[in-house]
Amino acid sequence: MAHITESQIPAPFSLEENMATEAIHAAIDSLFRGREQEIRHRITDLEANIWESIEYASSLQDDIDNESNDSIRQLLEGQLEWVKEDRDEWLRECEELQEELNDLERKDREQKEKEGCQKG
């Protein structure tokens, strides 16, 4: 069994060091919360855009199906393609933001577990 000398025992943190550490953690938590809220709002906006584009695409498809003029039908098909491209872009952005949100939540859980272990 190894003998531990007094010089090997870590000195306890000073009150100032503890307060500084807590302030840093609070600032980081605030940044995470702000980014988390920003992401949630953006995802909500994107989801609304996606649903509106689905409804608009359905309406355009009905117009295309009922249009007898080839020129107008081609214009409507072009619009429909743009709507689908926008929707696909919003879906990709939504997925990327959801991944970022999941990462933030995971890091937050890990930090809380780490702090819980240090206090316990």
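The values are calculated or read from the model by the stated rules, or taken from the named source; none is laboratory data. As the structure is a prediction and not an experimental result, all values here were calculated from the model. Here the Cβ positions follow ideal geometry from the backbone for every residue, glycine too, while neighbour counts run over all protein chains shown.
Some observations on this one:
- For Arg35, the test of being at pLDDT below 95, more than 32 Å from the chain's Cα centre (by Cα) and surrounded by 12 or more Cβ atoms within 10 Å (Cβ to Cβ) is failed.
- Subset of the stretch 63-120 (residues that are more than 26 Å from Asp45 (Cα to Cα) and β-branched (Val, Ile, Thr)): Ile64, Ile72
- Any pair with Cβ under 9 angstrom, 6 or more apart, that starts in the stretch 34-49 at a residue that is within 15 Å of Leu104 (Cα to Cα) and ends at one that is among the polar types (S, T, N, Q) and in a helix (DSSP H, G or I): Ile39/Gln98; Ile43/Gln98
- Flag if Trp90 is under 24 Å from the mean Cα position of the chain (by Cα), over 29 Å from Lys112 (Cβ atoms) and either among the hydroxyl-bearing types (Ser, Thr, Tyr) or surrounded by 13 or more Cβ atoms within 10 Å (Cβ to Cβ) (or both): yes
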